[in-house]
């Protein structure tokens, strides 16, 4: 089941050269993001380990930002060239069409990486690029260097009402690519998760788990370690076809040539595709009272509180059969590196296996966690990796039992 139908209400416009855009992917996720692009009616040009390249119109670029559940951010290439000295870099930086993406009202941050290049000093490269920006946009505000996406500091430290424009400069083997971020804060920030429980899961990773299974609302879903409720909330958003970026803003909305009416049209089209409330059970369980409060608050902000059942209770009290003869137990269970308290979790994983074997014979288990043989052995269930990625810098895999034959 597609989670978003292609927008068929496009305005007739004067033909313009397509934008070279790149959807940045967390490790291992590029194939899923490429499939998501196809669902949106956009054909991938190239799929690499780092992400997915596409050629798009401004409307399609905004559509990707609004609809992508899986990508980290979407950048647009402004220029690429060879440069082995600063004089060449300055000359080329002066030719970049900065006025397309930079407004004096929006501060600029630069993220520079240099690999195997004669120009290897990132601060010196940033200084030359900043000079080119200021020459083109005299009142441009240049802030300090942007933090890495992995650290998430850019999104954490900047207020939602204080937009910035990220410029990405990448040198590799003396070849420079300059890109502008079209997303703003990372796309996993949907706007609804403000209440946070211990060791929260990113919204994009929860969406990846759902896409990889795939789960589309045809069978019940239970998360016994719900925490902030991210998996269940993303499940409800997915099955109701609520665009993840429907209520947030994007950097491209602040570009000098931004088309506000087009942006409004994409949002209106997305709003029209929202499905009514669903009947299949989506159950969020956690033994921690604080997690239950957080999950309920987040579900209400996301507009799906009526679509999920939120219960406080221990794992051993979970009875899958009451929700249906078949279903999916999808979870991001506790593990040592994630929780960090050094607890012995072997008993917990043994109980998780019992929940599936005793009361969930028609159910499938899928969980995002490290390939920890000591813990997995306690399940006494056969699981296989469906994909490998990272969570908080730690290698993890989506491990799943085989589909039920019943």
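The values are calculated or read from the model by the stated rules, or taken from the named source; none is laboratory data. What you see is a predicted model; the values in this text were computed from it and never measured. Cβ placement follows ideal geometry from the backbone for every residue including glycine, while neighbour counts extend to all protein chains displayed.
Residue count for the range 1-23, restricted to those that are at pLDDT 95 or above and surrounded by 22 or more Cβ atoms within 10 Å (Cβ to Cβ): 3. Of 135, 139, all but one fail to be more than 28 Å from the chain's Cα centre (by Cα) and farther than 15 Å from residue 165 by Cβ; the exception is 135. Among strands (runs of 3 or more DSSP E) entirely within the range 38-147, having at least 3 residues that are in contact (Cβ under 8 Å) with a residue 60 or more places away in the chain and within 19 Å of residue 182 (Cβ to Cβ) singles out 73-82. Taken as a whole, the structure places residue 284 among residues that are part of a strand (DSSP E or B) and modelled with pLDDT of 95 or more. For the range 204-227, the set of residues classified as touching a residue at least 60 places away in the same chain (Cβ under 8 Å) and out of contact with any strand residue (DSSP E or B) (no Cβ under 9 Å at 6 or more places or on another chain) consists of 204, 207, 211, 216, 218, listed by residue number. Applying the criterion of being touching a helix residue (DSSP H, G or I) at 6+ places or on another chain (Cβ under 9 Å) and surrounded by fewer than 16 Cβ atoms within 10 Å (Cβ to Cβ) to the residues of the range 47-63, the residue that is nearest to residue 254 (Cα to Cα) is 50. Just a yes or no: is a residue in the range 180-202 closer than 27 Å to residue 265 by Cβ, in contact with a strand residue (DSSP E or B) (Cβ under 8 Å, 6 or more places away or on another chain) and either modelled with pLDDT under 95 or assigned to a strand (DSSP E or B) (or both)? Looking through the range 180-202, at least one residue is closer than 27 Å to residue 265 by Cβ, in contact with a strand residue (DSSP E or B) (Cβ under 8 Å, 6 or more places away or on another chain) and either modelled with pLDDT under 95 or assigned to a strand (DSSP E or B) (or both). Of all the listed residues (156, 150), the sole one being outside any helix (DSSP H, G or I), over 15 Å from residue 178 (Cβ atoms) and modelled with pLDDT under 95 is 150.
Given 257, 223, which one is more than 20 Å from residue 67 (Cα to Cα), outside the structural domain of residue 69 (by TED's automatic domain parsing) and surrounded by fewer than 16 Cβ atoms within 10 Å (Cβ to Cβ)? Step through it out loud before you land on a result.
Working: 223 fails: surrounded by fewer than 16 Cβ atoms within 10 Å (Cβ to Cβ).
None of the others qualify; the one that does is 257.
Of all the listed residues (321, 350, 366), the sole one being assigned to a strand (DSSP E or B) and not assigned by TED's automatic domain parsing to the domain that holds residue 70 is 366.
Cβ contacts < 9 Å: first residue outside the structural domain of residue 314 (by TED's automatic domain parsing) and on the phi > 0 side of the Ramachandran plot, restricted to the range 277-295; second residue surrounded by 15 or more Cβ atoms within 10 Å (Cβ to Cβ) and outside any strand (DSSP E or B), any location; separation 6+ or different chain. Result? Once the first residue is outside the structural domain of residue 314 (by TED's automatic domain parsing) and on the phi > 0 side of the Ramachandran plot and sits in the range 277-295, no partner that is surrounded by 15 or more Cβ atoms within 10 Å (Cβ to Cβ) and outside any strand (DSSP E or B) comes close enough.
Rundown of residues vs (1) outside any helix (DSSP H, G or I); (2) modelled with pLDDT under 95, yes/no style:
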| position | (1), (2) |
| --- | --- |
| 226 | yes, no |
| 231 | no, no |
| 235 | no, no |
| 238 | no, no |
| 242 | yes, no |
| 247 | yes, yes |
| 252 | no, no |
| 266 | no, no |
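The combined condition, being under 21 Å from the mean Cα position of the chain (by Cα) and crowded, with 24+ Cβ neighbours inside 10 Å, is fulfilled by residue 244.
Residue 235: in contact with a helix residue (DSSP H, G or I) (Cβ under 7 Å, 6 or more places away or on another chain), touching a residue at least 12 places away in the same chain (Cβ under 8 Å), buried (at least 18 other Cβ atoms within 10 Å of the Cβ) and closer than 17 Å to residue 187 by Cα, yes or no?
Working: in contact with a helix residue (DSSP H, G or I) (Cβ under 7 Å, 6 or more places away or on another chain): yes; touching a residue at least 12 places away in the same chain (Cβ under 8 Å): yes; buried (at least 18 other Cβ atoms within 10 Å of the Cβ): yes; closer than 17 Å to residue 187 by Cα: yes.
Spelling it out, residue 235 is indeed in contact with a helix residue (DSSP H, G or I) (Cβ under 7 Å, 6 or more places away or on another chain), touching a residue at least 12 places away in the same chain (Cβ under 8 Å), buried (at least 18 other Cβ atoms within 10 Å of the Cβ) and closer than 17 Å to residue 187 by Cα.
Only residues that are touching a helix residue (DSSP H, G or I) at 6+ places or on another chain (Cβ under 7 Å) and in a helix (DSSP H, G or I) were counted in the range 268-281, giving 1.
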